[in-house]
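A.B. asks: One structure coming up, written as structure tokens, with questions to follow.
The values are calculated or read from the model by the stated rules, or taken from the named source; none is laboratory data. Because the structure is a prediction, the values reported are computed rather than measured. In this analysis, Cβ positions are derived from the backbone assuming ideal geometry, glycine residues included, and neighbour counts consider all displayed protein chains. Ligands, DNA and RNA are excluded from the accessible area calculation, which covers all protein heavy atoms including side chains. Shrake-Rupley method; radii C 1.70, N 1.55, O 1.52, S 1.80 Å.
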Amino acid sequence: MERKVAIIGAGISGLLACKYALSKGHRPTVFEAQSSLGGVWTKTVEITKLQTPKPFYQFSDFPWPDSVTEVFPDQNQVLEYIESYARKFDLLHHIRFDTKVVSIDYEGASSEVQQAWALWGGTGEPFDSKGGKWYITIQDTKSLSTEVCQFDFVIICVGRFSGIPNIPEFPQGKGPEVFQGKVVHSMDYAAMDYSNAKELVKGKRVAVVGLQKSALDIAMECSTANGMDLPCTVIYRTEHWNIPDYQPWGVPLAYLYLNRFSELSIHKPGEGPLLSLLATLLSPVRWAFSKFVESHVKHKLKLAKFGMVPKHSFLQELSSCLISTVPDDFYNRVEKGSIRLKKAPSFSFCKEGILIHGKTETLKADLVILATGFNGVKKLQDIFASPSFKDLIAGSPDKTVPLYRKCIHPRIPQLAVIGFSESVANLYTSEMRCRWLAELLDGTFKLPSIKEMEKDIAEWDEYMKQYSDKNYRRSCIGALHIWYNDGLCKDMGWNPKRKKGFVAELFEPYSPMDYACP
């Protein structure tokens, strides 16, 4: 039976959700606030390239074209690849561009009835036979006119790396308002034309706050623009295992972390006594793999020389989905002086620049770029009209966002979230989730009880706190992506073991093409 499915966002997750909803005979409509598809790839810092090796970042039924020979394609190549996918599967005419979703509101069973449900939506079914619907208020971003549309199911695909910037909080009188220069977020910098971005930093004393990919790329662009005459200062709080390549000491990183053997050494949510014992016995292997990668990164980037050796393990970095590649020549520029690194447990603003906690000297600046990430949880909350649904989707601040299979909130009916939880290759993960969701909508399987789903969510929360430490709210499955996909496969009735032969199954890395067909 054809159902009306609303999809919010035309990034990678939204396109995949559209494609797989169509494959099951549903009628999807994708709402995209921008005038083009691609999500975060629509506009990036000029030097930004794909962070994941190309073979691990591709659609299972649409390989990269032979014309793209780079292992890490640039922004234009990635965007063209995504657009080609949309054209190949005729997705464009299902997308309403320049259409912002103002809010979504559920009308169905009362809140009292919902609280008494033992099954998702009361029946465990994705669609409500008694008439429960979602009402979506949308706004044309050009005419500003609004309308309300009715749908049977909603898929939220807004991602977590855009929209609402994460701005540090400062004491009164010590924030950006007292600074005589300019403060922008990396989101605003990336949205500029390349020429305007160069003009913004040219001839200025620039401080970049952050040490993840956006911060490193922006610092490189500032260094190129101003050289050693006006060095770019990178202010960071925590050192990270940003890697120079995916070949530690010549061994592909995938053979260390993206196969079943590596996952045997990690305690997994929902594991039995035997797997738990095996993970404990293999803990020296887990430690050795991490130290092996760390030694390569320290040696190649000379981290000790710059005081940049992290205190946490590489495994924790991977389990937090914080792995990013260091731009070529970054530390050479640090050594030569066109990029300066300043550790700051905290900082504040003054008229002339930045005051670093514990330092008396002012770091003088004309421009401060905050590469401080995004508030993905608030972005999710703001979509809902209902205060109770806002609270439910966010969950407790000391727990991960409560999504079963990282897609379904047990107490919010007829709705799924795709693309919030991270992995080492988000396209790969989003495709598996969209295929799983399509089978759920098609009635191939049913979800367990709310109680069982909440138990599973709690087990994943415990795992993430154990391996991701303070970054558990990122809901990263990076170190357990095969275990996670096994659960999706079992739900759909697929064989989770995708390799040929015992040795291949245990030691070969898993990639999108392993899941090309059921």
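A.B. asks: Taking GLY478 as the residue in question, decide whether it is among the small types (Gly, Ala, Ser), modelled with pLDDT under 95 and outside the structural domain of LEU16 (by the TED database). Let's see the steps before the verdict.
C.D. replies: On the way: among the small types (Gly, Ala, Ser): yes; modelled with pLDDT under 95: yes; outside the structural domain of LEU16 (by the TED database): yes.
Yes: the conditions hold for GLY478.
A.B. asks: Now for a separate question. Looking at the range 500-518, which of the residues that are open to solvent by less than 80 Å² (accessible area, probe 1.4 Å), over 28 Å from PRO448 (Cβ atoms) and free of Cβ contacts under 8 Å to residues at least 40 places away in the same chain is farthest from the chain's Cα centre (by Cα)?
C.D. replies: Residue satisfying both the conditions and the ranking: GLY501.
A.B. asks: Further question: Filtering the range 38-48 down to residues that are without any contact (Cβ under 8 Å) to a residue 60 or more places away in the chain and not hydroxyl-bearing (Ser, Thr, Tyr), which residue is surrounded by the fewest Cβ atoms within 10 Å (Cβ to Cβ)? Show your work before the answer.
C.D. replies: Within the range 38-48, the first condition is being without any contact (Cβ under 8 Å) to a residue 60 or more places away in the chain, and the residues that meet it are 38, 41-42.
Within this subset, residues satisfying the condition of being not hydroxyl-bearing (Ser, Thr, Tyr) are 38, 41.
Details: GLY38: 23, TRP41: 21.
Per the stated criteria, the residue is TRP41.
A.B. asks: With respect to SER145, determine if the residue is at pLDDT below 95, open to solvent by 10 Å² or more (accessible area, probe 1.4 Å) and in the same structural domain as ARG433 (by the TED database).
C.D. replies: Judged against the criteria, SER145 is not a match.
A.B. asks: While we're here: Return the total of residues in the range 210-243 being closer than 21 Å to ALA304 by Cα and either open to solvent by 30 Å² or more (accessible area, probe 1.4 Å) or β-branched (Val, Ile, Thr) (or both).
C.D. replies: Counting residues in the range 210-243 that are closer than 21 Å to ALA304 by Cα and either open to solvent by 30 Å² or more (accessible area, probe 1.4 Å) or β-branched (Val, Ile, Thr) (or both) gives 9.
A.B. asks: Sticking with this structure for a sec: Look at the range 9-30 and say how many of its residues are surrounded by 24 or more Cβ atoms within 10 Å (Cβ to Cβ) and either free of Cβ contacts under 8 Å to residues at least 40 places away in the same chain or closer than 18 Å to VAL148 by Cβ (or both).
C.D. replies: Residues that pass the stated criteria total 1.
A.B. asks: Could you grab me the full set of residues in the range 464-496 that are in contact (Cβ under 8 Å) with a residue 40 or more places away in the chain, over 18 Å from the mean Cα position of the chain (by Cα) and not in a loop (DSSP other than H, G, I, E, B)?
C.D. replies: Correct list: GLN466, TRP483, GLY487, LEU488, ASP491, MET492.
A.B. asks: Still on this structure: I'd like to check something: does the range 87-103 contain any residue that is touching a helix residue (DSSP H, G or I) at 6+ places or on another chain (Cβ under 9 Å), part of a helix (DSSP H, G or I) and modelled with pLDDT of 95 or more? Lay out the reasoning, then the answer.
C.D. replies: Let us first name the residues in the range 87-103 that are touching a helix residue (DSSP H, G or I) at 6+ places or on another chain (Cβ under 9 Å), namely 89-92, 94-95.
Those still in the list that are part of a helix (DSSP H, G or I) too: 92, 94.
Then keep just the ones that are modelled with pLDDT of 95 or more; that gives 92, 94.
The answer is yes; a qualifying residue exists.
A.B. asks: Filter the range 419-455 down to residues that are small (Gly, Ala, Ser) and modelled with pLDDT under 95 and give me whichever is surrounded by the most Cβ atoms within 10 Å (Cβ to Cβ).
C.D. replies: GLY419
A.B. asks: Are there any pairs with C-beta distances below 6 angstrom linking a residue in the range 92-121 that is assigned by the TED database to the domain that holds ALA17 to a residue that is basic (Lys, Arg) and exposed (fewer than 15 other Cβ atoms within 10 Å of the Cβ), with the two at least 6 apart or on different chains, and if so which?
C.D. replies: Taking only residues 6 or more apart or on different chains, the pairs are ASP98/LYS142.
A.B. asks: So which of PRO345, PRO310 ends up being on the phi < 0 side of the Ramachandran plot, at pLDDT below 95 and assigned to a loop (DSSP other than H, G, I, E, B)?
C.D. replies: That would be PRO345, the only listed residue that is on the phi < 0 side of the Ramachandran plot, at pLDDT below 95 and assigned to a loop (DSSP other than H, G, I, E, B).
A.B. asks: Out of VAL424, VAL417, report the one residue that is farther than 25 Å from ARG27 by Cα, touching a residue at least 24 places away in the same chain (Cβ under 8 Å) and under 18 Å from the mean Cα position of the chain (by Cα).
C.D. replies: Working: VAL417 fails: farther than 25 Å from ARG27 by Cα.
Step by step, each of VAL424, VAL417 is checked, and only VAL424 is farther than 25 Å from ARG27 by Cα, touching a residue at least 24 places away in the same chain (Cβ under 8 Å) and under 18 Å from the mean Cα position of the chain (by Cα).
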